[in-house]
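Asks: Okay, here's the structure, questions in a sec.
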Amino acid sequence: MPRTGYPLLAAALAAMLVPALAGPAQAGPPPVQDHYSAEFDELLPGPGGWFCGGLVDVPLHTEIDGYFSVKERASSAFPYLADRFRSTLVYTNPETGLTYTVVRVRQTKDLRLTDNGDGTLTLVGLSTGALFAYGPDGERLDIRAGMSLDTFLVDTKGTADPFDDELTPAGDPVTAGLDTTTDFCADFFEATQG
């Protein structure tokens, strides 16, 4: 898993940043600030699969708009990453044609990087955000907000390139305000049964 809150972004930025990150071993990567956006359509979960235990080929329209940065800190030899984005996911019930829309506003960022002295780092990251759910008529059905502090062991692969890092969760996240009791499938069917 790359060191970013949005894996699709990492793949796109890696091709752009790798030349910028190359250079003398003692030099860190230059600061990077980039806006990104994407829009695509797909079918969930696809032929032969079942979405939420009952539907086949549920259309999903996704729009994402965000801002990504890689910055140096005077107190650290390692680059710090941050990602802020808004995504809109529109799920359509193929049996009724009604939609269920989920809007996410989220920020993830590295808070602290510690060199373990063995080619690995310990990363503490912060993720904050809110989720808004809307029915087919545009009425807001739900809102959830919260934050999570997550700790990872980072294998740097012996490079200064943060996009080739591999992360392994190291401990349970510390969360506040996150409601995990909701059932997406129940909410989807309730909103789109007509």
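The values are calculated or read from the model by the stated rules, or taken from the named source; none is laboratory data. This is a predicted model, so every value here is computed, not measured. Cβ sites come from the backbone with ideal geometry, for glycine too, and all protein chains shown count toward neighbours.
Asks: Pull out all pairs, ordered by first then second residue, where Cβ-Cβ is under 9 Å, the residues are six or more apart or on different chains, the first lies in segment 105-128 and is closer than 23 Å to residue 145 by Cα and in contact (Cβ under 8 Å) with a residue 40 or more places away in the chain, and the second is among the hydroxyl-bearing types (Ser, Thr, Tyr) and in a loop (DSSP other than H, G, I, E, B).
Replies: Going by the 9 Å Cβ cut-off, the qualifying pairs are 106/6; 108/4; 108/6.
Asks: Go through segment 79-117 residue by residue and tally those that are touching a helix residue (DSSP H, G or I) at 6+ places or on another chain (Cβ under 8 Å) and part of a loop (DSSP other than H, G, I, E, B).
Replies: Residues flagged as touching a helix residue (DSSP H, G or I) at 6+ places or on another chain (Cβ under 8 Å) and part of a loop (DSSP other than H, G, I, E, B) within segment 79-117 amount to 4.
Asks: Moving on. Scan segment 137-169 residue by residue and report those that are under 19 Å from the mean Cα position of the chain (by Cα) and exposed (fewer than 14 other Cβ atoms within 10 Å of the Cβ).
Replies: 143, 168, 169
Asks: If you don't mind, another one. Which of the strands (runs of 3 or more DSSP E) found entirely inside segment 124-194 contain at least 3 residues meeting this: modelled with pLDDT under 90?
Replies: Result: 174-176.
Asks: Then there is this: Collect the residues in segment 27-69 that are among the hydroxyl-bearing types (Ser, Thr, Tyr) and either under 19 Å from residue 91 (Cα atoms) or part of a loop (DSSP other than H, G, I, E, B) (or both), keeping them in residue-number order.
Replies: 62
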